[in-house]
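The values are calculated or read from the model by the stated rules, or taken from the named source; none is laboratory data. Keep in mind it's a predicted model, so treat the numbers as computed, not measured. Ideal geometry is used to build each Cβ from the backbone, glycine not excepted, and the neighbour counts take in all protein chains shown. The area values use the complete protein model at the heavy-atom level, side chains included, leaving out ligands, DNA and RNA. Shrake-Rupley method; radii C 1.70, N 1.55, O 1.52, S 1.80 Å.
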Amino acid sequence: GENVEQHPSTLSVQEGDSAVIKCTYSDSASNYFPWYKQELGKRPQLIIDIRSNVGEKKDQRIAVTLNKTAKHFSLHITETQPEDSAVYFCAANHYTGKLIFGQGTTLQVKP
Amino acid sequence: DTEVTQTPKHLVMGMTNKKSLKCEQHMGHRAMYWYKQKAKKPPELMFVYSYEKLSINESVPSRFSPECPNSSLLNLHLHALQPEDSALYLCASSQAQGMGNTEAFFGQGTRLTVV
């Protein structure tokens, strides 16, 4: 069935360090992989996404990599800042059009 | 306008009450979604409307009743809810339903408490 596994569930880094969150998906037909950041009490916000015809995408301090063969994709945040602290969700699309979410990673950036 | 607007932001209701959640978007999106989110969990899909027709119902109890009056509006009617239904209810929209069109924009949510 459809499934997205996300690791780690919690991640604590020192300000300025890098953070990496990894996801694995099961549906080989998935071709769209967004990442959402959700601060406490707020909506999930799309921070970056990647489509299956691309292996890597960068936006300032954030990058996403995709390995379609292995069905892995990862979020990389460099030079982390306290305001990066939030819950991050990966997702993959399903042929029905719905998004399948990972379980989330709580990132804490310590000043 | 890239906003999905939800009202109300907060709602407290008794188990015998009837209330409605509202969602509006003016991005010309033809797919609209209701999600339920518990604390520290991912959003859980409830319903999908595509071109104003119900496309997916994820086996949601009948005490939740969705309605799509037009392409910009989505409602969720609530009746006889249980305390365990307390959650953040998120509306989202995307250009269309289907592979390759699923960039979803979320509203700010309605924080629902059932007492």
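If you take the residues in the stretch A:88-100 that are open to solvent by 20 Å² or more (accessible area, probe 1.4 Å) and either under 10 Å from the mean Cα position of the chain (by Cα) or facing chain B (nearest Cβ under 7 Å) (or both), which one is farthest from B:Val48 (Cα to Cα)? Quick ask: steps written out before the conclusion?
Our first condition is that a residue be open to solvent by 20 Å² or more (accessible area, probe 1.4 Å); within the stretch A:88-100, this holds for A:95-96, A:100.
Now restrict to residues that are either under 10 Å from the mean Cα position of the chain (by Cα) or facing chain B (nearest Cβ under 7 Å) (or both): A:95-96.
Working: A:Tyr95: 13, A:Thr96: 10 Å.
That would be A:Tyr95.
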### Message
Between a residue in the stretch B:73-94 that is within 14 Å of another protein chain (Cβ to nearest Cβ) and any residue that is among the polar types (S, T, N, Q), which pairs come within a Cβ distance under 7 Å, given they are 6 or more apart or on different chains?
### Response
B:Ala87/B:Gln37; B:Leu88/B:Gln37; B:Tyr89/B:Thr110; B:Leu90/B:Gln37; B:Cys91/B:Gln6; B:Ser93/B:Gln25; B:Ser94/B:Asn101; B:Ser94/B:Thr102
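Considering only residues that are part of a strand (DSSP E or B) and either within 9 Å of chain B (Cβ to nearest Cβ) or among the hydroxyl-bearing types (Ser, Thr, Tyr) (or both), which ones fall in the stretch A:31-46?
Applying the first criterion (part of a strand (DSSP E or B)) to the stretch A:31-46 yields A:32-38, A:45-46.
Matches in the stretch A:31-46: A:Tyr32, A:Pro34, A:Tyr36, A:Gln38, A:Gln45, A:Leu46.
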### Task
Please tell me if B:Leu112 is open to solvent by less than 10 Å² (accessible area, probe 1.4 Å), more than 9 Å from chain A (Cβ to nearest Cβ), in contact with a Phe, Trp or Tyr (Cβ under 6 Å, 6 or more places away or on another chain) and outside any loop (DSSP other than H, G, I, E, B).
yes
### Task
Please go through the stretch B:30-56 and pick out each residue that is assigned to a strand (DSSP E or B) and open to solvent by 80 Å² or more (accessible area, probe 1.4 Å).
B:Glu44, B:Lys53, B:Leu54
### Task
Output yes when any residue across the stretch A:61-83 is within 9 Å of chain B (Cβ to nearest Cβ), touching a Leu at 6+ places or on another chain (Cβ under 8 Å) and surrounded by 21 or more Cβ atoms within 10 Å (Cβ to Cβ), and no when none is.
no
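Name the residue, out of A:Ser12, A:Ser28, that is assigned to a strand (DSSP E or B) and either among the polar types (S, T, N, Q) or within 15 Å of the chain's Cα centre (by Cα) (or both). Quick ask: steps written out before the conclusion?
Values: A:Ser28 fails: assigned to a strand (DSSP E or B).
Only one candidate passes the filter, namely A:Ser12.
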### Query
Can you find a residue in the stretch A:47-57 that is in contact with a Lys or Arg (Cβ under 7 Å, 6 or more places away or on another chain), more than 11 Å from chain B (Cβ to nearest Cβ) and farther than 24 Å from B:Gln95 by Cα?
no
